[in-house]
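Working notes, structure below.
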Amino acid sequence: MSLDVAALRAHFPALAEGAAHFDGPGGSQVPDVVATAVAETMTSAIANRGTVTRAERRAEQVVQDARAAMGDLLGTAPGGVVFGRSMTALTYDMARTLSRTWSAGDEVVVTRLDHDANIRPWLQAAERVGAVVRWADFDPATGELPPEAVGDLLSDRTRLVAVTAASNLIGTRPDVAAIADLVHGTPGLLYVDGVHYTPHVGVDVRAMGADFFACSPYKFMGPHCGVVAASPQLLETLQPEKLLPSSNAVPERFELGTLPYELLAGTTAAVDFIASLSPLGGAGDRRTRVLSAMQSLEEHEDRLRERIEKAIAALPGAVLYSRAGRRTPTLLVRFVGHDSQDVRAALAERNVNAPAACFYAIEASRVLGLGDTGALRIGLAPYNDEDDADRLVQGLAEVVGG
């Protein structure tokens, strides 16, 4: 059963402004049910978590519901779901915690395909303790990061490998499970950036082999916060810095201060919204419905991406950098003779949103020869439709010719 895109779009008040949004990788638009969940939580009686008053119990339920929802989305244990301000903030927290066990001469592996949020925290943590940083390179001609590019760097001194599940710049989806097999032949742990992967593919953290999986609900139609998922057993072995009276339980020991209950309620609503898109209707548990919904979303986005990609490739001067065999519906393109920032501005005048930059994937942008200013990124979201695609292509044709 195909995705009912018109019915889906009806849930997004922001689309009434009339823009065609191809900026999903930077943050998706939000459905009405998510906004309602946030508002209702903020206007309900709520307090610090507890079991005595109704307000305390409501706060506790919001947190537990959000952990369960993220567990269903990611295929992981709810008790290993850590919430924070952002993926970047949580990754810095984890880098500080993990590096407390590192010594001079230990090794950390990062890739040039990654967003800087999965590079810089590890580089800085390694520098503090004298650990060695090893860089895995991707192939700029194909956009691929083969497992051996990581595997060849591993040793018995490897302590942490950081890799993306999907490049936010060119969409490449490395074979993380194969990389995990190699990493787990060493003492090292695998930290996976799933921020750009989670909105487009059904996630199974266990099957992927990630020791840590980080993502951002605001990329998959939720509110602005961050999540790191790991097994509760692994988290029990880690001792982060925290306030003395705060809970030492897992995962609470990793959550600094009072959680944003309204954002957690919105996160639960976002997962429920994804599940509601399942072709199974109400059949099956939420995890089953989430996976079937994500399959429908992936098929819809891939069809639209292929349509757009074919049309762009026919435009004069088009240079497409998204070439990997497995990738998200994300295109990075520049047009010879045209400044990408000028193209972006011209599209904006036509009410088409497609930004141009390096998008914090600064290492990848440099490898591709784009410097720090980058190229035009066209990133799809579930609410994009064929009319959006046609407006984008027509706008580009008007700007660059064709």
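The values are calculated or read from the model by the stated rules, or taken from the named source; none is laboratory data. Small disclaimer: the values here were computed from a predicted structure and weren't measured. Because the Cβ atoms are built from the backbone with ideal geometry, glycine has one as well, and the counts that use them run over all protein chains shown. Side chains are part of the model used for accessible areas, which takes the heavy atoms of the whole protein and leaves out ligands, DNA and RNA. Shrake-Rupley method; radii C 1.70, N 1.55, O 1.52, S 1.80 Å.
Only one residue in G18, G27 is under 21 Å from the mean Cα position of the chain (by Cα), at positive phi and in contact (Cβ under 8 Å) with a residue 60 or more places away in the chain. Which one?
Values: G18 fails: under 21 Å from the mean Cα position of the chain (by Cα).
Sole residue among the options that is under 21 Å from the mean Cα position of the chain (by Cα), at positive phi and in contact (Cβ under 8 Å) with a residue 60 or more places away in the chain: G27.
In this structure, is G282 open to solvent by less than 10 Å² (accessible area, probe 1.4 Å) and not in a helix (DSSP H, G or I)? So that I can check it myself, show each step before the final result.
Numbers: open to solvent by less than 10 Å² (accessible area, probe 1.4 Å): no; not in a helix (DSSP H, G or I): yes.
Criteria not met by G282.
Quickly run through the range 5-22 and pick out the residues that are loosely packed, with under 13 Cβ neighbours inside 10 Å and in contact with a helix residue (DSSP H, G or I) (Cβ under 9 Å, 6 or more places away or on another chain).
From the range 5-22, those loosely packed, with under 13 Cβ neighbours inside 10 Å are 6-7, 13, 16-18; that's our starting set.
P13, the sole residue that qualifies.
Considering only residues of the range 99-125 that are open to solvent by 30 Å² or more (accessible area, probe 1.4 Å) and of a type in the set (D, E, K, R), which is farthest from G194 (Cα to Cα)?
Start the filter on the range 99-125 by keeping residues that are open to solvent by 30 Å² or more (accessible area, probe 1.4 Å), which leaves 100-101, 103-104, 112, 115-116, 120, 123-124.
With of a type in the set (D, E, K, R) added as a condition, the list becomes 100, 112, 116, 120.
Numbers: R100: 24, R112: 16, D116: 13, R120: 16 Å.
Looking at the filtered set, the residue picked out is R100.
Only residues that are polar (S, T, N, Q) and touching a residue at least 12 places away in the same chain (Cβ under 8 Å): list them for the range 234-256, please. If you could, list the steps in order and put the result at the bottom.
In the first step, residues of the range 234-256 are kept if they are polar (S, T, N, Q); the result is 237, 239, 246-248.
Scanning the range 234-256 gives a single hit, Q239.
In the range 49-98, which residues are touching a residue at least 12 places away in the same chain (Cβ under 8 Å) and hydroxyl-bearing (S, T, Y)?
T76, S86, T88, T91, Y92, T97
Cβ contacts < 7 Å: first residue on the phi > 0 side of the Ramachandran plot, restricted to the range 111-129; second residue open to solvent by 10 Å² or more (accessible area, probe 1.4 Å) and of a type in the set (S, T, Y), any location; separation 6+ or different chain. Result?
Hits for this filter: zero, empty list.
In the range 170-189, which residues are touching a strand residue (DSSP E or B) at 6+ places or on another chain (Cβ under 9 Å) and of a type in the set (A, V, I, L, M)?
Within the range 170-189, the first condition is being touching a strand residue (DSSP E or B) at 6+ places or on another chain (Cβ under 9 Å), and the residues that meet it are 170-174, 176, 179-180, 182-184, 186-189.
Selection gives I170, V176, I179, A180, L182, V183, L189.
If you check V34 against the conditions, is it among the hydrophobic types (A, V, I, L, M, F, W, C), buried (at least 20 other Cβ atoms within 10 Å of the Cβ), in contact with a Phe, Trp or Tyr (Cβ under 7 Å, 6 or more places away or on another chain) and part of a strand (DSSP E or B)? Explain how you work it out, then say what you get.
Values: among the hydrophobic types (A, V, I, L, M, F, W, C): yes; buried (at least 20 other Cβ atoms within 10 Å of the Cβ): yes; in contact with a Phe, Trp or Tyr (Cβ under 7 Å, 6 or more places away or on another chain): yes; part of a strand (DSSP E or B): no.
Taking the combined requirement at face value, the residue does not satisfy it.
Could you check C225 against (1) in contact with a strand residue (DSSP E or B) (Cβ under 9 Å, 6 or more places away or on another chain); (2) without any contact (Cβ under 8 Å) to a residue 24 or more places away in the chain and say which number it fails?
(2)
Is it true that some residue in the range 239-257 is part of a loop (DSSP other than H, G, I, E, B), open to solvent by less than 20 Å² (accessible area, probe 1.4 Å), of a type in the set (A, V, I, L, M) and at pLDDT 95 or above?
no
Identify the single condition in (1) in contact with a helix residue (DSSP H, G or I) (Cβ under 8 Å, 6 or more places away or on another chain); (2) without any contact (Cβ under 8 Å) to a residue 40 or more places away in the chain; (3) more than 14 Å from L396 (Cα to Cα); (4) open to solvent by less than 80 Å² (accessible area, probe 1.4 Å) that T373 does not satisfy, given that it satisfies every other one.
Of everything listed in (1) in contact with a helix residue (DSSP H, G or I) (Cβ under 8 Å, 6 or more places away or on another chain); (2) without any contact (Cβ under 8 Å) to a residue 40 or more places away in the chain; (3) more than 14 Å from L396 (Cα to Cα); (4) open to solvent by less than 80 Å² (accessible area, probe 1.4 Å), T373 misses just condition (4).
Do any helices (runs of 4 or more DSSP H) entirely within the range 315-402 hold 1 or more residues that are out of contact with any Pro (no Cβ under 8 Å at 6 or more places or on another chain) and closer than 11 Å to L169 by Cα, and if so, which? Steps first, please.
Details: elements: 340-349, 362-367, 386-400.
Here the list reads 362-367.
If you scan the range 343-370, which residues turn out to be open to solvent by less than 30 Å² (accessible area, probe 1.4 Å), under 25 Å from H115 (Cα atoms) and more than 24 Å from the chain's Cα centre (by Cα)?
Within the range 343-370, just V343 meets the criteria.
List the residue pairs whose Cβ atoms are under 7 Å apart, where the first residue sits in the range 294-322 and is open to solvent by 60 Å² or more (accessible area, probe 1.4 Å), the second is in a helix (DSSP H, G or I), and the two are 6 or more positions apart or on different chains.
From residues that are open to solvent by 60 Å² or more (accessible area, probe 1.4 Å), the pairs are R307/A389; P316/V400.
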